[in-house]
């Protein structure tokens, strides 16, 4: 959830994701995982998403990738 005077202040999040969002977000998370794997990254990560209601559907935006302890082969 975002708000504040600018509409850009992080206020909190819903967890777990709403059922209607979970499949989309999981699919996008898998795409991020595949891209990181292709780059040779091994380890855990998290992706932060923002979901925006547009018309009768939702747009999903990955806004941050948080790498944990990862291994980058040289």
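Starting from residues that are assigned to a loop (DSSP other than H, G, I, E, B) and farther than 21 Å from residue 2 by Cα, keep the ones in the range 18-44 and report whichever is modelled with the highest pLDDT.
Only one residue tops the list, namely 39.
Out of everything in the range 58-74 that is surrounded by 10 or more Cβ atoms within 10 Å (Cβ to Cβ) and either without any contact (Cβ under 8 Å) to a residue 12 or more places away in the chain or farther than 23 Å from residue 3 by Cα (or both), what residue ends up being farthest from the chain's Cα centre (by Cα)?
Filtering the range 58-74 for residues that are surrounded by 10 or more Cβ atoms within 10 Å (Cβ to Cβ) and either without any contact (Cβ under 8 Å) to a residue 12 or more places away in the chain or farther than 23 Å from residue 3 by Cα (or both), the one farthest from the chain's Cα centre (by Cα) comes out as 72.
What number of residues within the range 18-44 satisfy the criterion of being over 19 Å from residue 69 (Cβ atoms) and touching a residue at least 24 places away in the same chain (Cβ under 8 Å)?
Matching residues across the range 18-44 total 5.
Which residues, taken from the range 45-57, are in a strand (DSSP E or B) and either free of Cβ contacts under 8 Å to residues at least 12 places away in the same chain or more than 14 Å from the chain's Cα centre (by Cα) (or both)?
If we filter the range 45-57 for residues that are in a strand (DSSP E or B), which is where we start, we get 45-54, 57.
Within the range 45-57, 52, 53, 54, 57 meet the criteria.
Can you report the number of residues in the range 45-57 which are surrounded by 11 or more Cβ atoms within 10 Å (Cβ to Cβ) and at pLDDT 85 or above?
Summing the residues that are surrounded by 11 or more Cβ atoms within 10 Å (Cβ to Cβ) and at pLDDT 85 or above in the range 45-57 gives 5.
The values are calculated or read from the model by the stated rules, or taken from the named source; none is laboratory data. For clarity, every value in this text was computed on a predicted model and none was experimentally measured. When we count neighbours, we look across all protein chains shown, and the Cβ atoms used for this are built from the backbone with ideal geometry, even at glycine.
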